[in-house]
Amino acid sequence: MNKDISIQHVDEAGYVGLAESISGCGGRLVALWGARTYGFKGVFSAYCHENSLLVARLSLPDSRSTFPSVSALFPSAVRMERAVRDLFGLDPEGLSDRRPWLDHGDWGTRAPLSESPRIATFSGDDGDYPFVWVSGEGVHEIPVGPVHAGIIEPGHFRFQVVGEKVLRMEERLGFTHKGIDGLYRGASRAKAARLSGRVSGDSTVGHALAFAQAIEGALEIETPPRSKWLRGLFLERERIANHLGDLGALANDAGLSFGLVQFSRLKEDLFRQNRDLFGHRLLMDLVVPGGVARDLEPAGRDTLIRSGIALEETVRILETLYEEHGGLQDRFMGTGVLSPEIAGRLGLTGVVGRASGQRGDLRADLNRPPYNDLAVMPALETSGDVRARVVVRFFELLECLRLERLIMERMPDGPIQCPVPEGVPGSEGVGWVEGWRGEILSWVRLGRSGTLEGGHSHDPSWILWPALELAVPGNLVADFPLINKSFNLSYSGHDV
Amino acid sequence: MHHILYRILKTGILTEPAPSPSDTLLAQAENLSALSYRRFGHSLSIRHLDAGSCNGCELEIHLLNSPYSMLEALGFRFVASPRHADLLMVTGPVSLHMKEALLATWEAMPHPKLVVAVGDCSLDGGVFAGSYAVAGGVDSVVPVRVRVPGCPPDPRALLQGLITAVEG
Ligand code: SF4
């Protein structure tokens, strides 16, 4: 496993003690998940402290069905702990929010991943989901979703408004829950790798990479140098594609459709180039345990250098255009502010965190190839508004293009895969990747004959969705689509 | 300053090389537009419903609006209400949490209720088949007219699927 990751076996006191000491020294919660396999039942919480990932692994005896909540120390734990309860029937002790989260009452069972899933006696209780209600003169409620007008994923937003102003917004997610943790159980590694690439399609490279790292960590194998550089290339191209898409959509939402036309053409060109060079427009299934599935031909290298230069030129023009467009800046500036103070308290990272003053980008912070050879410059803005999230995307987009060029120049020759042994059943590994949206984490536990006993894929949207609720109050209802777009969180990645 | 920049970009588009022979997106889109006028008397109104997709299919559906096929410029509309939809485009393995919404949307549509299932997982659950949380295929919930395979299908395959559906 990468030197920057460690898994610590803890008892309940140790589980809480670690959370307290991490919280005491300014560390943050990255992910929290439950697991039940043949040999293990329990809960994991992963923290980042001084550029290392500390994973607390709490094993629970069969008789025990509770675990201590850390939500008082880390507010972002609340939904993840509710999810553990919904899926595994393990009850977070001390968590005051008793509402279900991922379970909407439609599965026909309760706690489907526990040792004894209970048949649900009723279904479809979602109509009764108790939203928090603020009372007051002239407050009224606007429910939106789960199905929306545009081409977006399903989710429900409950606004409480006074006049045109949002007082409070509450999310209800889980509509796209597919039971991926359950599907990992007993899956062959090849099947599980494909699944990991479909946790959130827009982050297929990031999730597949975290998954591959987890497998490689469990097996204690290193993939060849060239494969690491190709993984970096794929990850940067995924970041480029998403930033292109977001920058176009953000201008469109703010009334400049010209921006959408330009950026969607650039994105389509990038996808076509991906197909021509690597066989898949979104780069799905290219990162596999042991390395990568496709190499870059020498001719492709020249193509990428040339097209990268042209793309950079166009992006710079568009950046100036956005900056000088009064109408756009008017909509972007001061809208959807998430203060650095709140962002820090929530432990935010990724695009949204960096737009709200949170330093940190695993590409720069971890000593891993290819990034340790590229001197990655992380973006940082402090105004926390839509404008800051646009600026961060432009900055990162241009930085990606610089990295892509360096990767082309410096990528070592050699094999792109190494042999992947079957490994010892029960071995576990964790992967940790700076995806385009933020930190992606993956955990696996190996089973017999090349299968998985269990697995989990964590998308940064878990940490970021609660932050959106805090960026909306005080804004006009009509500005919500723009603010939401500037976060652009994954529903599927969160709902898993 | 603006004007100059706009001009540079616009010229950029004008001087693009002519679309390659394989690049038939615009031709397909125009064909679809003509078919839809013939059949419905207006340009196609599409309702999109994400029934638990991984969002990969949505990335491709979005790109139907890139300048290469310009669906909206040709009069296509993605509509908010199923009551105004000629066609329903469904992605995902139908998560059980979205099953009701899919049924309700389908019921609210006017006849002939054309349903296009988009993407491998919408056909039979794909990689998500067998999960406790998915119905496993759009046609296990509503009748499907056209199935568009691919994970995800590219804009060309999407347009071809729409053409087949409208041709009837
Ligand atoms: S078909 Fe593939 S890309 Fe489309 S939603 Fe299903 S898994 Fe995602």
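State all residues of region B:38-58 that are more than 15 Å from A:Arg281 (Cα to Cα) and not in a loop (DSSP other than H, G, I, E, B); if no residue qualifies, say none.
B:Arg38, B:Arg39, B:Phe40, B:Ser45, B:Ile46, B:Arg47, B:His48, B:Leu49, B:Asp50
Sort through A:Leu113, A:Leu53, A:Leu87 and tell me the only one that's in contact with a strand residue (DSSP E or B) (Cβ under 8 Å, 6 or more places away or on another chain), assigned to a strand (DSSP E or B) and touching a residue at least 40 places away in the same chain (Cβ under 8 Å). Explain how you work it out, then say what you get.
Values: A:Leu113 fails: assigned to a strand (DSSP E or B); A:Leu87 fails: assigned to a strand (DSSP E or B).
When all the criteria are applied, what remains is A:Leu53.
Criterion first (at pLDDT 95 or above, part of a helix (DSSP H, G or I), β-branched (Val, Ile, Thr) and more than 30 Å from A:Arg118 (Cα to Cα)) does B:Ile61 satisfy it? Spell out the reasoning first.
Working: at pLDDT 95 or above: yes; part of a helix (DSSP H, G or I): yes; β-branched (Val, Ile, Thr): yes; more than 30 Å from A:Arg118 (Cα to Cα): yes.
It is true that B:Ile61 is at pLDDT 95 or above, part of a helix (DSSP H, G or I), β-branched (Val, Ile, Thr) and more than 30 Å from A:Arg118 (Cα to Cα).
Pairs, please: C-beta under 7 Å, at least 6 apart or cross-chain, first residue away from chain A (no Cβ under 14 Å) and more than 24 Å from B:Pro153 (Cα to Cα) and in region B:102-118, second away from the ligand (no atom under 16 Å from the Cβ) and in a helix (DSSP H, G or I)?
Cβ pairs passing all conditions: B:Pro110/B:Arg83.
Would you mind stating whether A:Ala212 is at pLDDT 95 or above, surrounded by fewer than 23 Cβ atoms within 10 Å (Cβ to Cβ) and either closer than 20 Å to A:Asp295 by Cα or not assigned by TED's automatic domain parsing to the domain that holds A:Ser461 (or both)?
On the way: at pLDDT 95 or above: yes; surrounded by fewer than 23 Cβ atoms within 10 Å (Cβ to Cβ): no; either closer than 20 Å to A:Asp295 by Cα or not assigned by TED's automatic domain parsing to the domain that holds A:Ser461 (or both): yes.
Judged against the criteria, A:Ala212 is not a match.
Among A:Phe271, A:Phe263, A:Phe258, which is the only one that is under 14 Å from B:Met70 (Cα atoms) and at pLDDT 95 or above? First the steps, then the outcome.
Numbers: A:Phe271 fails: under 14 Å from B:Met70 (Cα atoms); A:Phe258 fails: at pLDDT 95 or above.
Just one listed residue meets the conditions, A:Phe263.
Quick one: count up the residues across region A:346-368 that are modelled with pLDDT under 95 and outside any loop (DSSP other than H, G, I, E, B).
Residues in region A:346-368 being modelled with pLDDT under 95 and outside any loop (DSSP other than H, G, I, E, B): 0 in total.
Do you know which residues across region A:447-466 are under 20 Å from A:Pro340 (Cα atoms) and surrounded by 23 or more Cβ atoms within 10 Å (Cβ to Cβ)?
The first filter runs over region A:447-466 and keeps only residues under 20 Å from A:Pro340 (Cα atoms), leaving A:460-466.
Across region A:447-466, the qualifying residues are A:Pro460, A:Ser461, A:Trp462, A:Ile463, A:Leu464.
Can A:Leu282 be described as crowded, with 22+ Cβ neighbours inside 10 Å, more than 9 Å from every other protein chain (Cβ to nearest Cβ), within 16 Å of the ligand (Cβ to nearest atom) and within 27 Å of A:Arg231 (Cβ to Cβ)? Talk me through it step by step, then tell me what you get.
Details: crowded, with 22+ Cβ neighbours inside 10 Å: yes; more than 9 Å from every other protein chain (Cβ to nearest Cβ): no; within 16 Å of the ligand (Cβ to nearest atom): yes; within 27 Å of A:Arg231 (Cβ to Cβ): yes.
No, not satisfied.
Report whether or not A:Leu260 is away from the ligand (no atom under 16 Å from the Cβ), within 23 Å of the chain's Cα centre (by Cα) and within 17 Å of B:Leu63 (Cβ to Cβ). Outline the logic, then answer.
Numbers: away from the ligand (no atom under 16 Å from the Cβ): yes; within 23 Å of the chain's Cα centre (by Cα): no; within 17 Å of B:Leu63 (Cβ to Cβ): yes.
Taking the combined requirement at face value, the residue does not satisfy it.
Can you say whether B:Gly136 is touching a Gly at 6+ places or on another chain (Cβ under 8 Å), modelled with pLDDT under 95 and either within 16 Å of the ligand (Cβ to nearest atom) or outside any loop (DSSP other than H, G, I, E, B) (or both), as far as the supplied structure shows?
On the way: touching a Gly at 6+ places or on another chain (Cβ under 8 Å): yes; modelled with pLDDT under 95: yes; either within 16 Å of the ligand (Cβ to nearest atom) or outside any loop (DSSP other than H, G, I, E, B) (or both): yes.
Against the criterion (touching a Gly at 6+ places or on another chain (Cβ under 8 Å), modelled with pLDDT under 95 and either within 16 Å of the ligand (Cβ to nearest atom) or outside any loop (DSSP other than H, G, I, E, B) (or both)), B:Gly136 qualifies.
Go through region A:443-496 and count every residue that is under 12 Å from the mean Cα position of the chain (by Cα) and in a strand (DSSP E or B).
Within region A:443-496, the subset under 12 Å from the mean Cα position of the chain (by Cα) is A:457-465, A:487-496.
Narrowing further to those that are in a strand (DSSP E or B): A:457-458.
Qualifying residue count for the region: 2.
Any idea which of B:Phe128, B:Phe78 is more than 16 Å from the ligand (Cβ to nearest atom) and within 7 Å of chain A (Cβ to nearest Cβ)? Talk me through it step by step, then tell me what you get.
Numbers: B:Phe128 fails: more than 16 Å from the ligand (Cβ to nearest atom).
So the residue among B:Phe128, B:Phe78 that is more than 16 Å from the ligand (Cβ to nearest atom) and within 7 Å of chain A (Cβ to nearest Cβ) is B:Phe78.
The values are calculated or read from the model by the stated rules, or taken from the named source; none is laboratory data. As the structure is a prediction and not an experimental result, all values here were calculated from the model. When we count neighbours, we look across all protein chains shown, and the Cβ atoms used for this are built from the backbone with ideal geometry, even at glycine.
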